[in-house]
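What follows is a short report on a single structure.
Bear in mind that the values in this text are calculations on the coordinates, not laboratory data. Fair warning: this is a prediction, and the values are worked out from it, not measured in the lab. All Cβ positions, even for glycine, are placed from backbone atoms using ideal geometry, and neighbour counts span all protein chains on display.
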Ligand code: PTJ
């Protein structure tokens, strides 16, 4: 079905169809639809726009990703929503993309790799995982020794799980990208970007090109700002 361009929720409906397409093509897991719906609810609460807090977090994230050895983790929802932009971000930062799936199967890994190669990536890590995140039991423990295993900074998008805790135990700097400020990943990361990935990735590309300098970042303060924005939006008079 074609969504009319003048529909007030055009972008949101388009994104839903991208998730649907990802599921049909086999690189996105069916539960990715539920994850997406959860994200949509939080997007409403921040007003479906990039807040000043998200912008500040993106600027700090770009500086950190540029100044350390870094890697961009990718799951099935990322592949569905913004594969091309994610590849452009990896090029702007000159760092690799590594596929890391919760519902990991050889078929899905192959389809994910094909999706990113089609989107222009020259190489995608993760398919031939040869290392493990110690003490993590889920399939997300399987990582690439050239990527997540050895690099200092990991961008973890659209994930409410236990990987961040274990990456932190390995001494890594974790940047979360998640609309839900209460998710475990959002709460445990060193920088949390509370924004829709479809807005945050283009902004990260723009900021990376300006080569920002790392000046430190207060994540608790920034998370508080995003949560206050949400509660203000919830209580504002109609
Ligand atoms: O592809 P796999 O096998 O690795 O599976 C991916 C799942 C669906 C398991 C993974 O995405 C996941 O952990 O889902 P959760 O636990 O529902 O967490 C997803 C988080 O992403 C939630 O906190 C949502 O609020 C957030 N989210 C969803 N869509 C967006 C988003 N954050 C930013 N932008 C979005 N578009």
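A few notes on this one:
- Residues (touching a residue at least 60 places away in the same chain (Cβ under 8 Å) and under 19 Å from residue 139 (Cβ atoms)) located in the range 50-79: 71, 72, 73, 74, 75, 77, 78
- Hey, residue 220 closer than 23 Å to residue 66 by Cα, surrounded by fewer than 19 Cβ atoms within 10 Å (Cβ to Cβ) and out of contact with any helix residue (DSSP H, G or I) (no Cβ under 7 Å at 6 or more places or on another chain) or not: yes
- The criterion of being touching a strand residue (DSSP E or B) at 6+ places or on another chain (Cβ under 7 Å), assigned to a loop (DSSP other than H, G, I, E, B) and within 14 Å of the ligand (Cβ to nearest atom) holds for residue 129.
- For first residues located in the range 27-41 and in a helix (DSSP H, G or I), partners that are more than 6 Å from the ligand (Cβ to nearest atom) and lie 6+ apart or on another chain with Cβ distances below 6 Å form the pairs 32/19; 33/19; 36/19.
- Within the range 26-39, the set of residues being surrounded by 14 or more Cβ atoms within 10 Å (Cβ to Cβ) and either more than 9 Å from the ligand (Cβ to nearest atom) or closer than 26 Å to residue 118 by Cβ (or both) comprises 26, 27, 28, 29, 32, 33, 35, 36, 39.
- Single match in 168, 142 (criterion: within 12 Å of the ligand (Cβ to nearest atom) and more than 14 Å from the chain's Cα centre (by Cα)): 142
- Here the condition is being more than 14 Å from the ligand (Cβ to nearest atom), under 19 Å from residue 206 (Cα atoms) and in contact with a strand residue (DSSP E or B) (Cβ under 8 Å, 6 or more places away or on another chain); of 174, 78, 124, 71, it holds for 71 alone.
- For residue 116, the stated conditions hold: it is within 16 Å of the ligand (Cβ to nearest atom) and buried (at least 22 other Cβ atoms within 10 Å of the Cβ).
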